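Okay, so here's the structure we're looking at.
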Amino acid sequence: MSASPKRQPEIPPNSFPDDLYADLCKREVITDDIAGRIMLALSTLSILAVVLIFVFVAKECLPVLTGQTSTVRSGKTIDPETAAKMPAEEIAAYLQQPVPTIRSLTPDVLKQLVALRNEELAGSKNSDDALNTTSWALMLMPHQWQGYSEPAYIWQPTSKIEKYNLVPLFLGTCKVAFIALVIAVPLALLAAIYVSQIASVRVREIMKPLIELLAGVPSVVLGFLALIALATIFQSIFHYEARLNSFVAGFALAFAVIPLIFTVAEDALSAVPRAHKDAALALGATEWECAWRVMVPAALPGIFAAVVLGFGRAIGETMVVLFASGNSSIMSLSPFDSVRTITATIGSELADAASGSAHYQVLFLIGGLLFLITFTFNLLADLAIGRLRSRIEALAGRETYSIIQPKAYSGDAAI
Amino acid sequence: MKALPTFCLLVAAVFGFALSAGAQQITLKGSDTMVILNQKWSEEYMKKNPGVSIQVTGGGSGTGLAALKNGTTDVAASSRQMKSKETQDFLVQFGGKPLCYEVALDGLAVYVHASNPVKELTVEQVAQLYLGKITNWKQLGGDDVPVVLYGRESNSGTYGYFKEFVLKESDFSPQTQTLAGTGAVIDAVSKDNKGVGYGGIAYSHHVKALPLRFDNSPNSVAVLPTMENVESRKYPLSRPLYFYVSPKNTRPELAAFIRWVTGKEGQKVVTDVGYYPLPGAVAANDKDKEKDKGKEASQAPKPAPVSAPVAAAEAKPAPKPELRPEPTAPVAPAPATVPAETPAIPAQSVAATKEERPVAPQPAASPDEIAALTRREAALRNRESSVAEREDEVAKREAAVASREIAMRRAYRGR
């Protein structure tokens, strides 16, 4: 409404009636306004959803994080006959159930419950009964459990004495992600450089969509392929012991990561201004020299971002590792040993962990830690990219580019 | 205007159908070992009772029992008994223990690669393998190659049974590779000449099931998990497969389904799939009695002296026909009482049979065993031929569709 008087002079006075013009302006403003508000609401909602997810995960793992969860079993038992007369708090602690639930039960059910609990505890006579296995010391340091010959990092959450050592899972996750990146990064970057700089237009038109098509392959299909075909082929080549191991999983994972790194890196390389390439070629550089020494350095922040995104995908991928890694939680640095990753552990164990139990909370804890790892990496990468970009820009400003084309550089090379 | 009433009618019909389908729906979730059996049961049952729709899902016994507790499934299929902790949670939720029905028998087979020269194992040796104490096949009289262990995820009932009765609640070796599903274990073992795995007997394709014996004493004989050996509990790892149902779930179609499964027709399906039918239809909700039976399976009565078998063989078939409840027997009119009533009678009769039937030792490959094996082979062949028939049908239908398409195209071109 306020826009109409301002704009009026620009319009020839007799083109159409004033009130109609005002109407049009009004409608335009209202629709824009509504669209803007809807977008604002939607983006706020998505941010809210992210926050809610964090709150949910944090809430579930908070008791473990603060050391309030306990798996200690005391030796004493309660007589089922007298259970109904005892204070509800004591019974609740014994049965590991919330107090209000216990209050709501009939004496008969309570009697059965106590009898069952007695039976459950009677089976375990173990020197480790008095340990709280969800304490940080036992989750991070090796411990000599009963029945083991030496201190070890053990993840056995369904054992009589639940063992929650997180170290093998973290090691496994890092190992698989590392192998995947070692395979995927060189391949994807070389492909990106070739497609964006050296290949002819026709080859590019074919290759780019084909590599990007790989991103459309569901990870469960990749996992199945690794389980059935890759494992057998690699074993016949390398003759290692474990058929399913971190190498097979990492290799299959590389196929999930390659299209991601390729796409982002290729976009970054294509975004470098054409003038750079022309200048280098005019100075007598070959195509390869031009790509390697001019274009790649100019696109470095984008390429770095591509690798970081690839790392995030590799560390968070579930189905491929669930199928192809063998899922044995052992401490070993050999790429040909089986591994158990954090994501596969959550994927396979969360379904049967009773909600609220120590196992359930620990699974949420490792999920939260996984998020922390990727978050830290993304943050560090962001900082590194920022510094890299300002350094390159400074370099470019001081030297040749500022003379040829002072404005073209500012920010185009970013992703 | 004519279209409107037709449309209304259509909508009403669709809704009516959906409602009627909803009322008669049974969900069946749990054990991966039992998935093929459950599917076959539901298929056959739905063919006979078109009004009922049965939804079958796997996921593992633990997952099924958790779903039963959460009220998201009508029946939980389980290849192990409910743990004390699970029963406690169920009691708190529903104020009663779940009803337990034995629905079939299974021999938990220990599988090796077809080329593995090892002839037989004791249960103790199997335990040593999975505890990581025996690491080379040479120690068991095989080739000088390391052992690669394959096992199941912790939500599997097979995992639970194995841990309880073979490992005596000790931890699996961390080297054990855990795979999703018995099928995956068998596939891995069939491709790995160093591998060993365990799983239900119905899965034994392209791998060798090893004969097992209780211990090294001279009167214990290594036997294969054939029907006779499993039914008589002479095979050390004989186990029942269970259905668990909530005591509050008194829908008549559910009771009818379970009666059909434990009855003659349902048990015929069991044989077709490759598991073993119940010696008498058993339904018991008395958990203690079940537990005793489990112990009997693991600790195992020593086979009787060699002079006994003749009498035993004569005595054995006698009690069977009496025990099997008549499928035509009058159905109790009040649906609520059916699940509660059925267990009472057969539970006692089973205990009775246990005493009546002495265990007869047999040589490793008796005529009985061969007969059982041929029967199994015939069953498998039957299955194959039915698959072929279905494939034919599909091909025919495809041809019909193709010809119709051609006709349509011609008509279109004619226009």
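Observations on the model:
- Here B:Leu99 clears all of (1) in contact with a strand residue (DSSP E or B) (Cβ under 6 Å, 6 or more places away or on another chain); (2) more than 13 Å from chain A (Cβ to nearest Cβ); (3) under 22 Å from B:Val223 (Cα atoms) except the condition numbered (3).
For every residue, the table says whether it meets (1) more than 14 Å from chain B (Cβ to nearest Cβ); (2) open to solvent by less than 60 Å² (accessible area, probe 1.4 Å); (3) at pLDDT below 90; (4) touching a strand residue (DSSP E or B) at 6+ places or on another chain (Cβ under 6 Å).
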{"site": "A:Glu205", "(1), (2), (3), (4)": "yes, no, no, no"}
{"site": "A:Ala215", "(1), (2), (3), (4)": "yes, no, yes, no"}
{"site": "A:Val221", "(1), (2), (3), (4)": "yes, no, no, no"}
{"site": "A:Leu227", "(1), (2), (3), (4)": "no, yes, yes, no"}
{"site": "A:Ala252", "(1), (2), (3), (4)": "yes, yes, no, no"}
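- For the stretch B:235-253, filtering for residues that are closer than 26 Å to B:Pro50 by Cβ and surrounded by fewer than 21 Cβ atoms within 10 Å (Cβ to Cβ) leaves 5.
- Some residue of the stretch A:317-330 being more than 22 Å from B:Ala184 (Cβ to Cβ) and away from chain B (no Cβ under 14 Å): no
- Filtered residue count, the stretch A:87-116, keeping only those that are under 20 Å from A:Ala358 (Cβ atoms), modelled with pLDDT under 80 and within 10 Å of another protein chain (Cβ to nearest Cβ): 6
- The helices (runs of 4 or more DSSP H) located wholly in the stretch A:258-352 that include 2 or more residues which are touching a Phe, Trp or Tyr at 6+ places or on another chain (Cβ under 7 Å) occupy A:300-316.
- Residues in the stretch A:154-175 that are in contact with a Pro (Cβ under 9 Å, 6 or more places away or on another chain), surrounded by 20 or more Cβ atoms within 10 Å (Cβ to Cβ) and not in a strand (DSSP E or B): A:Ile154, A:Asn165, A:Pro168, A:Lys175.
- The residues of the stretch B:90-130 that are without any contact (Cβ under 8 Å) to a residue 60 or more places away in the chain, touching a Lys or Arg at 6+ places or on another chain (Cβ under 8 Å) and open to solvent by 40 Å² or more (accessible area, probe 1.4 Å) amount to a single one, B:Gln93.
- Hey, B:Gly199 assigned by TED's automatic domain parsing to the domain that holds B:Val145 and in contact with a Ser or Thr (Cβ under 8 Å, 6 or more places away or on another chain) or not: yes
- If you go through the stretch B:386-415 and keep only what is under 30 Å from B:Tyr203 (Cα atoms) and open to solvent by less than 60 Å² (accessible area, probe 1.4 Å), you end up with B:Ser386, B:Ala388, B:Ala395.
- Any strands (runs of 3 or more DSSP E) falling wholly within the stretch B:1-89 and containing at least 3 residues that are at pLDDT 85 or above and surrounded by fewer than 23 Cβ atoms within 10 Å (Cβ to Cβ): B:25-30, B:53-57
- Search result, residues across the stretch B:182-202 that are over 18 Å from B:Leu140 (Cα atoms), touching a strand residue (DSSP E or B) at 6+ places or on another chain (Cβ under 8 Å) and not β-branched (Val, Ile, Thr): B:Ala188, B:Gly199, B:Gly200, B:Ala202
- Every residue from the stretch A:237-257 that is over 17 Å from B:Gln175 (Cα atoms) and assigned to a loop (DSSP other than H, G, I, E, B): A:His239
- Condition check for A:Lys175: more than 14 Å from chain B (Cβ to nearest Cβ), in contact (Cβ under 8 Å) with a residue 60 or more places away in the chain and of a type in the set (D, E, K, R): yes
- Test for A:Val264: is it within 21 Å of the chain's Cα centre (by Cα) and within 14 Å of chain B (Cβ to nearest Cβ): no
- Checklist (1) away from every other protein chain (no Cβ under 14 Å); (2) over 18 Å from A:Ala184 (Cα atoms); (3) part of a helix (DSSP H, G or I) applied to A:Ile233, failing item: (1)
- In the stretch A:141-155, the count of residues that are over 25 Å from A:Ser270 (Cβ atoms) and more than 14 Å from every other protein chain (Cβ to nearest Cβ) is one or more.
- Restricting attention to the stretch A:351-364, the residues being among the aliphatic types (A, V, I, L, M) and at the interface with another protein chain (Cβ under 9 Å from one of its Cβ atoms) number 3.
- Scanning the stretch B:90-112 for residues that are outside any strand (DSSP E or B) and not polar (S, T, N, Q) yields B:Phe90, B:Leu91, B:Val92, B:Phe94, B:Gly95, B:Gly96, B:Lys97, B:Pro98, B:Leu108.
- The single condition among (1) farther than 22 Å from B:Arg251 by Cβ; (2) away from every other protein chain (no Cβ under 14 Å) that B:Val75 does not satisfy is (1).
- Selection status of B:Thr87, in contact (Cβ under 8 Å) with a residue 40 or more places away in the chain and more than 9 Å from every other protein chain (Cβ to nearest Cβ): no
- Matching option when the condition is of a type outside the set (Ser, Thr, Tyr), at pLDDT below 85 and not in a loop (DSSP other than H, G, I, E, B), among A:Ala408, A:Ala396: A:Ala396
- Top-ranked residue of the stretch A:236-247 - restricted to ones that are under 20 Å from B:Val185 (Cβ atoms) and more than 7 Å from every other protein chain (Cβ to nearest Cβ), ranked as most open to solvent (accessible area, probe 1.4 Å): A:Tyr240
- A single entry from A:Leu131, A:Leu116 fulfils the requirement of being aliphatic (A, V, I, L, M), surrounded by 14 or more Cβ atoms within 10 Å (Cβ to Cβ) and in a helix (DSSP H, G or I): A:Leu116.
The values are calculated or read from the model by the stated rules, or taken from the named source; none is laboratory data. Just so it is clear, the structure is predicted and the values come from calculations on it, not from any experiment. Virtual Cβ from ideal backbone geometry, glycine too; neighbours counted across all protein chains shown. Please note that ligands, DNA and RNA were not included when accessible areas were found on the heavy atoms of the full protein model with its side chains. Shrake-Rupley method; radii C 1.70, N 1.55, O 1.52, S 1.80 Å.
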